[in-house]
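To start, the structure under review is shown below, and the notes come after it.
The values are calculated or read from the model by the stated rules, or taken from the named source; none is laboratory data. If you're wondering where the values come from, they're calculated on a predicted model, not measured in any experiment. All Cβ positions, glycine included, derive from the backbone under ideal geometry; neighbour counts span all protein chains shown. Side chains are part of the model used for accessible areas, which takes the heavy atoms of the whole protein and leaves out ligands, DNA and RNA. Shrake-Rupley method; radii C 1.70, N 1.55, O 1.52, S 1.80 Å.
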Amino acid sequence: MDFAYKAAALAAEAINAVYPGTDINADTVAGMLETPPNPEMGDYALPCFKLSKALKKSPMMISDALAGAISTQEFARVESVKGYLNFFVDRALYAQSVVENALSQGASYGSGSEGTGKTVVIDYSSINIAKRFHIGHLSTTMIGNALYNMYAFLGYKCVGVNHLGDWGTQFGKMIAAYKRWGDEETIRNGGVDEMVKLYVRFNAEAKDNPALDDEGRAWFKAIEDGDEEALRIFSWFKEVTLKDAERVYDMLGVRFDSYAGESFYNDKMQPVIDELKEKNLLVDDAGAQIVKLDDYGMPPAIILRSDGATLYMTRDLAAAKYRHETYDFDKCLYVVAYQQDLHFKQLFKVMELLGWDWAKGCEHVNFGMVSFEGGTLSTREGRIVYLEDLLNQSIEKAAGIIAEKSPELENRSEVARQIGIGSVIFFALFNGRIKDIDFWWDRALNFDGETGPYVMYTHARLSSVLRKAGECTEAPDYTALSDPEAQAIIHLIDAFPSLIRTAVNKSEPSIVTRFSCELAKAVNKFYYEQRILDDDMGARSARLMLTRAARQTIATALRLIGIQAPDRM
Ligand code: ARG
């Protein structure tokens, strides 16, 4: 239990002793605690004006009364100052408790078992067949991966789903184009790029030659009817796309438990359509079947087009039902850009209208757009940055920096890979997810400032200090960790477990990314101000313990967001 919570628990106990009959508990108080702007005012402060209303007393009276009612050995003192109840930790005791607790748990420090027996389905990355992975896919892939890691860390069973975009009339056109101009060899060698070329050519030529569109439609119908040749070509397109994507997933360290995409639901939509009918939710609209949502301020959800074709929405309804039946999930997260806000609002509303009460567990984890060095991405204008190219360039640039900074480093190419890829991931996960991201090389790969290389470098530096120090068997003297620099690190390490839970509750990996950066800053400040390899062996031992705990916590934070931290750089 972190010390902030201990302070809250003590305060809650005092409140209930002095003012019986309230329903204020430790959790309520924990939500009110603040960190005073300077340590002179304590490590935690309870602003008692937040209790005035409930207790019908002035803040000053409350803080005085509570200070009088608290006696504790865990805190050095508790003071009432102008309506604030200030808690001062016993610094040595605090250091010992936090550092020893963190070290005894090792890489699992911060983890938990609150998710045991619960399942979270995470729908992320969800790429479209015959399209190449571009940097617009970075956010969904890495946010989803980070959420996967964090939920698993808390004991949840996670199911990562890549809800492939593998259904639609465009695939009929692709087959038509392939039959006309394509050949197996070219696509086998060129991958998705060659498929895209065919598709572009098809659309260009179809403008003057409407017969092409008929061909496309005919091939799509063939896929729908289960025609052997159509299905063979189509599933081969899928294979090629996935093989290309797999290379990027391998680089990013991302994997999925299921690739059940849109086409998987071909035979699973009818029961949903029947249920919508049964519950009188379907309305005929010029031949189309829709669910009206005017009452909720939304345009209707279209379930069947007038030609009987199903839609993205229809498949998502079937997918939700399937996931519920298959995984019995507690939560189902959809990590999809905010452009689809309306789609998911409609989807969740229709599920609610169907009376699917488990739909409460569904959440749209939306995020902003990615642009590149000041320009938006556009396939049409050729301003498209492929993720694989971006990652390879990043590795190359990192290799250049390493060659300059540490020419004698062993396994240089592996370290360049970790830094190159880690920097891109860090950049993508640094800001709150709803913000748009503009990717700049000089920002992502900078070794100074709030960047991946900075945090990774700090981690390597701590590893190096520990290597140089070797074994230190002296009993640690924790009073040596009473200085503000050491205490700042201890506060951060102490807050880590609850921080992860906040990140999970808000579906916000950036909280962990920023934390890794704050901890790295605190560590560098400490390193600058204090001698770690002190002549006093008790002090040296305590500082090394702290160094170890800090290194481990940075590594865990980075690992959760999908970054491997090198030990040497
Ligand atoms: N393939 C879709 C796209 O690129 C994203 C799918 C998201 N998942 C879902 N169940 N709708 O826009």
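Summary table
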quantity	calculated
Answer from L66, L51, L46 - the residue that is more than 30 Å from T547 (Cα to Cα), modelled with pLDDT of 95 or more and in a strand (DSSP E or B)	L46
Any helices (runs of 4 or more DSSP H) falling wholly within region 398-469 and containing at least 2 residues that are open to solvent by less than 30 Å² (accessible area, probe 1.4 Å), of a type in the set (K, R) and within 29 Å of Y338 (Cα to Cα)	none
Given (1) open to solvent by 20 Å² or more (accessible area, probe 1.4 Å); (2) touching a residue at least 60 places away in the same chain (Cβ under 8 Å); (3) among the hydrophobic types (A, V, I, L, M, F, W, C), index of the condition M41 fails	(2)
Condition met for T241 (over 30 Å from the mean Cα position of the chain (by Cα) and within 14 Å of the ligand (Cβ to nearest atom))	no
Sole residue being more than 30 Å from L429 (Cβ to Cβ) and touching a helix residue (DSSP H, G or I) at 6+ places or on another chain (Cβ under 6 Å), chosen from M351, M298	M298
Members of region 301-358 found to be more than 13 Å from the ligand (Cβ to nearest atom), aliphatic (A, V, I, L, M) and open to solvent by 10 Å² or more (accessible area, probe 1.4 Å), listed by number	I302, L304, A309, L353
Meets criteria (open to solvent by 10 Å² or more (accessible area, probe 1.4 Å), within 30 Å of G368 (Cα to Cα) and in contact with a helix residue (DSSP H, G or I) (Cβ under 7 Å, 6 or more places away or on another chain)) for E194	yes
Pairs where the first residue, in region 451-468, is closer than 13 Å to Q552 by Cβ and free of Cβ contacts under 8 Å to residues at least 40 places away in the same chain and the second is among the hydroxyl-bearing types (S, T, Y) and surrounded by fewer than 24 Cβ atoms within 10 Å (Cβ to Cβ), C-beta under 9 Å, 6+ apart	none
Neighbours by Cβ (under 9 Å, 6+ apart or cross-chain): first from region 284-313, free of Cβ contacts under 8 Å to residues at least 12 places away in the same chain; second surrounded by 15 or more Cβ atoms within 10 Å (Cβ to Cβ) and assigned to a loop (DSSP other than H, G, I, E, B)	K292/L281; K292/P300; D294/P300; A309/T169
Of all residues making up region 401-423, the number that are at pLDDT below 95 and closer than 26 Å to V370 by Cβ	1
Condition check for A14: under 27 Å from D483 (Cβ atoms), open to solvent by less than 70 Å² (accessible area, probe 1.4 Å) and part of a helix (DSSP H, G or I)	no
Single unsatisfied condition, T169 versus (1) more than 16 Å from the ligand (Cβ to nearest atom); (2) open to solvent by 30 Å² or more (accessible area, probe 1.4 Å)	(1)
Number of the exception - V370 against (1) within 13 Å of the ligand (Cβ to nearest atom); (2) open to solvent by less than 40 Å² (accessible area, probe 1.4 Å)	(1)
Only listed residue being touching a Ser or Thr at 6+ places or on another chain (Cβ under 8 Å) and not basic (K, R), chosen from I532, I490	I532
Enumeration of residues in region 111-157 that are open to solvent by 10 Å² or more (accessible area, probe 1.4 Å), within 16 Å of the ligand (Cβ to nearest atom) and assigned to a strand (DSSP E or B)	N128, H134
